[in-house]
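Working notes, beginning with the structure itself.
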Amino acid sequence: MKAGLVAILGRPNVGKSTLLNRLVGTKISITANKPQTTRDAIQGIVTNPEGQIVFIDSPGIHEPRQELGKRMMREVKRATSGCSLVLVLVDGSRNPGQGDTDAIETARNFKVPLMLGLNKIDLLKSKHLLLPRIKHYRDIQTFEELVPISAQSGENVDLLVKLIMERLPEAPPFYPEDYITDQPEKFLAAEFIREKVIESTQQEVPHSVAVIVDQWTQEKPRSTKRKQKLQGLLKLSATVYVERAGQKKILVGSQGAMLKQVGSSARKQLESWFGSQVFLELFVKVQPKWREQKKFVQSLDFHQMIGGS
């Protein structure tokens, strides 16, 4: 058996969370067509007869300007702690940019073997366009492998897993084979709600939104770590925090229409994931400049929920 930790690094919006969901086979990391959607280092666990890979999705590498951004970059460092390998993900459908170079430079500093995934090849009109991009990356960094993939369609993802597994050390698995993530249920629910806020409000709110689950009642508790479903009704209430009164007005909408839309979409996602009927209440509060408040930002860290540091 082989086992190891593999961090997924890259600039914002290259498809890291989409890839993690594809690897695990279910949605554990929220996705949106907005940079910096991912704020935490999230584990996705892949177990097969050859061994176990603990993939760690990380926030996009960027220059932080607020306390939230600083914590996100600390999460990038957390993601690489103890890793056997780093998978650098780039957008293979576009020419290399400075953000990709910065991501490779950051990954290089962790002094572990690197692999390169050229994602979004499903968007290419011709695969021949990959050749000069592969050459560019090969010229600036020595990679164990350079693998063109599509996290969206799944093309070459199985090959990527195979090549990664070959390079991991012999070791017992970190988790039982039915574990798929390290996220507690409350955090996962809060993330699903935040995803629906981002999707519904477009440019007006996304980076200014935070979600905290305040109350949680379920008939038969269990952990999101395992591939089993809840039984019976799940009741939860959550608060959506924004920074300005105008953002609250947008999120609530005329006669509460927008908030109802967000709640309905989030409830369907929660029911799909948990396999249980869900009763969801949402509230919206203004927390001015919360992204600059260290204490508030720390309260969003799901590692605190499970006794981590």
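Data table
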{"quantity": "Tally, over the stretch 106-126, of residues that are surrounded by 15 or more Cβ atoms within 10 Å (Cβ to Cβ) and among the basic types (Lys, Arg)", "calculated": "2"}
{"quantity": "Selection from the stretch 127-156 of residues that are among the aliphatic types (A, V, I, L, M) and crowded, with 19+ Cβ neighbours inside 10 Å", "calculated": "Leu146, Val147, Ile149, Ala151"}
{"quantity": "The stretch 162-180: number of residues that are out of contact with any helix residue (DSSP H, G or I) (no Cβ under 7 Å at 6 or more places or on another chain) and crowded, with 18+ Cβ neighbours inside 10 Å", "calculated": "4"}
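None of the figures in this text is laboratory data; all of them are computed from the coordinates on show. Worth saying up front: this structure is predicted, and the values here are computed from it rather than measured. When we count neighbours, we look across all protein chains shown, and the Cβ atoms used for this are built from the backbone with ideal geometry, even at glycine.
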